[in-house]
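Structure first, then comments.
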Amino acid sequence: MSANMDETVSVGYEAWADALRSERVLGVSCSDCGATYGTPISVCHDCGSQDLELVDLPTDGTLYSVTRVAVPPTGFEGPYHVGIVQLGAARVTARIETAAEDNPEIGDPVVLSGVMEADDGHPAPVFEVETD
Amino acid sequence: MTTFGVHESSLPELFATAALSAYDDAGVDPADIDAFYFGNAMGGQTENDTHLAPTLATEVGLAGVPAQRFEDACATSANAFKNAVQAVEAGIHDTVLVGGVERCTPETGKGTGEMTRIFASASHRQYEQPTGLTFPGVFALLTKRHMHEYGTTEEQLAHVAVKNHGNGTRNPRAHFGSETTVEEVLDSPVVADPFHLMDCCPFSDGAAAVVVTSDDSAASFDDPVDVTGVGHATDLVPLGLKPTLHATQAARDAAAQAYEQAGVTADEIDFAEVHDCFTGAEVLASEAIGFFEDGQGGPAAEAGRTALDGDRPINPSGGLKAKGHPIGATGVAQIVELTEQLRGEAGDRQLDDPQRGLAHNLGGDAGTTVISIMEARA
Ligand SMILES: [Zn+2]
């Protein structure tokens, strides 16, 4: 029982956060139905399976939606952009960086550029809009 | 319900103002009340005040009855209402008090940055909050995707604010009592694009309460209205897991349940109070409840179809945008507006003899939605 519980923790948030700190973005994939999710959950939403495996998501993709936050919460310095990035079949919420004069737009190509840790030791992915 | 705005009173005393007026309106005494269904979203974070159900029950003469507190972000007191209706329908209780209270203005001692962080606690702690995502930001992400899919414009969003401010001037309980213009909205500072300050509801203090009773007992009450459907659904959290961001699927699922219970379609609803925490949220809601086809919510707002004299009136109260948004009180405040409109007691904002209204109360990142349908009693 306890070994099982330890295993559950190791494939969840801690593993996600540790991987992110080494610039990998992990999602989970259902071993039974193949559904992929951008952030770890313990039970597959599509089929109910508990057999979910951590998988590496692509570190480049496109912007699915994005906003410029001008009024930040305590603990953050604004303004900055937050977006949802489409990485293969999955989506992940991330900080979006761009050249100062550019406004990132939906559909823009993005690539993982780092990790930020402004919130009590909770890491967040940072993606950069690719320019050609 | 109380006025929405800035209140110095404590949560128990603020709630008592709403509860006593609900007793008076229904013509009941505390001795007639069998249970208390109560909503408060953030009292622990804003005022270090929790376990509020028995405290408020004591304040309003209900100590001893079963009292329960609900928390579902902005859908907090609609969920209290749903549970109350179901308990009465099931015969567990006959007559219950339902209400909510919240203080969000600087009266709590919290400033904009701290309140922005407290509101953000309704987004995913591990996978969203660390990015600095805010609640205006959450609805901006939903709305930007809608704009991308359908060509919805900032001007169309601004029309929602103009309409709701206009309605608010006719509501003596509204937080804002002034008109605005599209230009004023678009010229106000950006909070999270596409939302300007004037696209956003205010931080408000306030309370709302209603009495729910069984069909059999209702005849002995003053001027009852009927609850004919209450739907409640959830969507995946965080935002990245939602299959279609701008669909607000929980609202669609909850609306389908409520329409089925009431045996009606969207076309048979005379008006709606929807959760316009931001102008874009009203556009998304107007489509999710089936008032307009997908993509037509923006043009409909611009064309005046949702105005008091439009064919699909939305938020005659002024909505969250103008009436105000004391989080845990908002869901029941919508029920109060439906009740007053159906009774023909809405004063300067009264619609033309409405027979059936719908309330759409959304919580968090659209992860929760409760839809209630109410009808004038024949
Ligand atoms: Zn599966």
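The values are calculated or read from the model by the stated rules, or taken from the named source; none is laboratory data. Every value quoted in this text rests on a predicted model; they were computed, and no experiment measured them. Here the Cβ is made from the backbone with ideal geometry for all residues, glycine too, and neighbour counts use every protein chain on show.
At-a-glance table
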read-out	value
Qualifying residues in segment A:75-89 (those that are at the interface with another protein chain (Cβ under 7 Å from one of its Cβ atoms) and part of a strand (DSSP E or B)) - the one nearest to B:L241 (Cα to Cα)	A:I84
Conditions (1) surrounded by 24 or more Cβ atoms within 10 Å (Cβ to Cβ); (2) hydroxyl-bearing (S, T, Y); (3) over 30 Å from B:Q350 (Cβ atoms); number of the one not met by B:S204	(3)
Count of segment A:94-117 residues which are in contact (Cβ under 8 Å) with a residue 40 or more places away in the chain and facing chain B (nearest Cβ under 7 Å)	1
Among residues of segment A:119-132, those that are facing chain B (nearest Cβ under 7 Å) and surrounded by fewer than 21 Cβ atoms within 10 Å (Cβ to Cβ), counted	3
Verdict on A:P72 being buried (at least 21 other Cβ atoms within 10 Å of the Cβ) and within 10 Å of the chain's Cα centre (by Cα)	no
Residues of segment A:32-50 that turn out to be in a loop (DSSP other than H, G, I, E, B) and either modelled with pLDDT under 95 or more than 8 Å from the ligand (Cβ to nearest atom) (or both), as a count	7
Meets criteria (more than 9 Å from chain B (Cβ to nearest Cβ) and in a loop (DSSP other than H, G, I, E, B)) for A:P58	yes
Filtered residues of segment A:61-74 (kept if of a type in the set (G, A, S) and more than 7 Å from every other protein chain (Cβ to nearest Cβ))	A:G61
Residue among B:A161, B:A218, B:A192 that is crowded, with 23+ Cβ neighbours inside 10 Å and more than 14 Å from chain A (Cβ to nearest Cβ)	B:A161
Any hit, segment B:88-100, residues being farther than 30 Å from B:G27 by Cα, more than 9 Å from chain A (Cβ to nearest Cβ) and assigned to a loop (DSSP other than H, G, I, E, B)	no
